[in-house]
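Heads up: the structure comes next, in structure tokens.
The values are calculated or read from the model by the stated rules, or taken from the named source; none is laboratory data. What you are looking at is a predicted structure, and each value in this text was computed from that prediction instead of being measured. All Cβ positions, even for glycine, are placed from backbone atoms using ideal geometry, and neighbour counts span all protein chains on display. Surface areas here come from the heavy atoms of the whole protein model, side chains and all, with no ligands, DNA or RNA. Shrake-Rupley method; radii C 1.70, N 1.55, O 1.52, S 1.80 Å.
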Amino acid sequence: MGSQIRAAVLDLDGTLVDTPNAIATITAQILTEMGRPAPEAEIRATVGKPLDRNFSQLLRVPLEHQDVADAIGLYRERFGQHVRRQGRALLYPGVAEGLAELRERGLLLAIATSKVYEAAVKTVTATGIAELFDVIAGHDSVERGKPEPDMAVYAAGKLGVPVAACVGVGDGVGDMQMGRAAGMSNIGVTYGVATEAELRAAGADVVVHSFPEVVALLPAGVGAKELA
């Protein structure tokens, strides 16, 4: 953990793009249309997790059930329309400028998201930040998604740096658990889905309340021990 940080591995939804509300709203609409509405709290608890598991859980059917595939198809169509319509406006304050500044400082940047790779690429492209990332890892890029360490290890390997030289940034419990399991230091952000207490309990070394605060923690040459 004492290695100098050379890269940041960032979550997407709820960390870089303000999509949790849209995710929950679109999911609720689809469930209602399919005749199986679910409580808002139950839907929001699935935000940031893989779509197939979410709809299987919310629809109360196995993963391989046709209803899951149908719901995912509807969701991707509607969420894609939302992202294309909103574009750069989906970015949280300071994200575009902050990412550019981190690149200028020499940090490598990767995305590790529970979206599938194709959906992640479409989101970063629509919001105008795709060129700032060296690696994009989706749920389908690895055998096991969050909270397992696979995605963090995969991203570090693609970046060509040790996992201990990476810092994870995310808004969800799964993000912190992934980073801790992989051996990264973690920065949790509270403007997404999880509370400060939840992020700390899951493995956040530092918790902040805006993306500019993330950027301020990562001047060139900062070491992982200094985040603790």
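Each label was represented as a point 7 Å from its Cα along the Cα-to-Cβ direction; for Val121 and Ala100 these points are 2.5 nm apart.
Net length available on complete extension from Met34 to Ala201 is 56.5 nm, with 0.36 nm assigned per residue and the Cα-Cα distance removed. Residue ranking by accessible heavy-atom surface, 1.4 Å probe, largest first, among Thr25, Thr46 comes out as Thr25, Thr46.
Can you work out the FRET efficiency for the pair Ala216 and Ala181, with r the C-beta to C-beta distance and R0 = 30 Å, to the nearest 0.05?
Values: r = 26 Å, r/R0 = 0.88.
The computed FRET efficiency comes out at 0.70.
Note the angle between two axes, namely the Cα long axis of helix 20-33 and the longest principal axis of the Cα atoms of the chain, as a number of degrees from 0 to 90, rounded to the nearest 10. Between the helix axis and the principal axis of the chain, the angle is about 20 degrees. When all protein chains stay in place and ligands, DNA and RNA are ignored, the 1.4 Å accessible-area order of His139, His209, His65, largest first, is His209, His65, His139. Dividing the mean sequence gap of close Cα pairs (under 8 Å, 6+ apart) by how many residues the chain holds gives a relative contact order of 26 percent. Accessible surface for the chain, divided over its residues, is 43 Å² per residue with a 1.4 Å probe. Taking amide hydrogens as placed 1.01 Å from N in the peptide plane, the amide H of Ala137 sits under 5 Å from those of Ile111, Ala112, Thr113, each at least 5 positions away in sequence or on another chain.
Placing +1 on the Cβ of every Lys and Arg and -1 on the Cβ of every Asp and Glu, with nothing else charged, gives the chain a dipole about its Cα centre of roughly 120 debye.
In the chain, the DSSP-assigned H stretches of four residues or longer account for a calculated mean residue ellipticity at 222 nm of -13500 deg cm²/dmol, using -39500 (n - 2.57) per stretch and the full residue count as denominator.
In this Cβ point-charge picture (+1 for Lys and Arg, -1 for Asp and Glu), region 1-84 has a dipole of about 200 debye about its Cα centre. One chain, two ends: His209 and Thr25. Fully extended at 0.36 nm per residue, the span grows by 63.9 nm beyond their Cα-Cα distance.
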